[in-house]
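The values are calculated or read from the model by the stated rules, or taken from the named source; none is laboratory data. Values in this document were obtained by computation on a predicted structure and should not be read as measured data. All Cβ positions, glycine included, derive from the backbone under ideal geometry; neighbour counts span all protein chains shown.
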Amino acid sequence: MYNKTMGKNKRKKVRSGKKKLILLIIFVLIAAGAYIGYTKFVAYQKQLAEQKAKEEELRKQQLAEEQKKRELEQARKMFDELIAKMKEALMRHDYKLLKELAGKARELALKYNFSVEEIDRILRQMDLIIAMAKLKELEKITDPYAHMYVRNELRKIPKYPEIARRWNNLLDRTFQDEYTVFLDLAEITVKKVEDGENPEMNYTLSKSYLKKAKVLVSSGRAKQDISRETFLLEQQSQAYLSNIGKSFQPASLYR
């Protein structure tokens, strides 16, 4: 009887242990499944968050690009308007306004990487118009004695290809005028010698002026007036003999 009771109790304990083991296994499986599910959920949520962050970043980039595009379009419009106003100012010869507009246009070009070719073209056209106007005013001066003024002012004018020939012609004219002035001065001073007015000094001046005239010819800057030079040499010789030389002097001393 005792053995039977012990056997039953033992079997009960075995069945109870098995149940506990099964329950433990089930619990472990449930817990493992729950952990795996939680891990997947967390990973999924993280993936969603990353995807949302990427979409938000992409949206911001698109907005920034659209804003930049609108800004660029607006800048281009302003730049084109400035160019148009520069052309209008050029036609009105309002050079002060033109330079102000050019400065603003150049700032936009620098900021937005626009070409400055049109700005430079308009400014060069302005400079050329100014140069042509100044050259024309200098060309109107016909007084040979103004040759140094004309030459100095001419050298302040850029020699653009469009006016290079006129520029060179005017420069050549100043040297020809200078040659004429030296001959005039040589003639004026030799007449003073003939009139007995400080003959030695004026004779020296007359010779000096004629020499300077000859230097211009020898340098290729002026065309020689042979007849006038010859006439001056004769006047100087006669003036020397009549007002300075008291006795016969070889011609080489006063020619």
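Structure summary
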| item | result |
| --- | --- |
| Filter result (aliphatic (A, V, I, L, M), in contact with a Lys or Arg (Cβ under 9 Å, 6 or more places away or on another chain) and farther than 30 Å from residue 174 by Cβ) within the stretch 106-141 | 108, 116, 119, 122 |
| So residue 104, is it out of contact with any strand residue (DSSP E or B) (no Cβ under 9 Å at 6 or more places or on another chain) and either under 30 Å from residue 157 (Cα atoms) or modelled with pLDDT of 95 or more (or both) | yes |
| Every pair of residues 6+ apart whose Cβ atoms lie under 9 Å, when the first sits in the stretch 149-165 and is closer than 10 Å to residue 128 by Cα while the second is hydrophobic (A, V, I, L, M, F, W, C) and part of a loop (DSSP other than H, G, I, E, B) | 163/157 |
| Options 239, 186: the member that is of a type in the set (A, V, I, L, M, F, W, C), assigned to a helix (DSSP H, G or I), modelled with pLDDT under 95 and not assigned by TED's automatic domain parsing to the domain that holds residue 131 | 239 |
| Inter-residue pairs, beta-carbon under 6 Å, first surrounded by 13 or more Cβ atoms within 10 Å (Cβ to Cβ) and in the stretch 195-208, second among the polar types (S, T, N, Q), 6+ apart | 199/243; 202/189; 205/189; 206/189; 206/236 |
| Matching residues in the stretch 209-224 - criterion: being touching a helix residue (DSSP H, G or I) at 6+ places or on another chain (Cβ under 8 Å) and either over 11 Å from residue 236 (Cβ atoms) or among the β-branched types (Val, Ile, Thr) (or both) | 212, 213, 214, 216, 217, 221, 222, 223, 224 |
| Residue 69 among the charged types (D, E, K, R) and under 18 Å from the mean Cα position of the chain (by Cα) | no |
| Of all residues making up the stretch 209-222, the number that are in a helix (DSSP H, G or I) and exposed (fewer than 14 other Cβ atoms within 10 Å of the Cβ) | 3 |
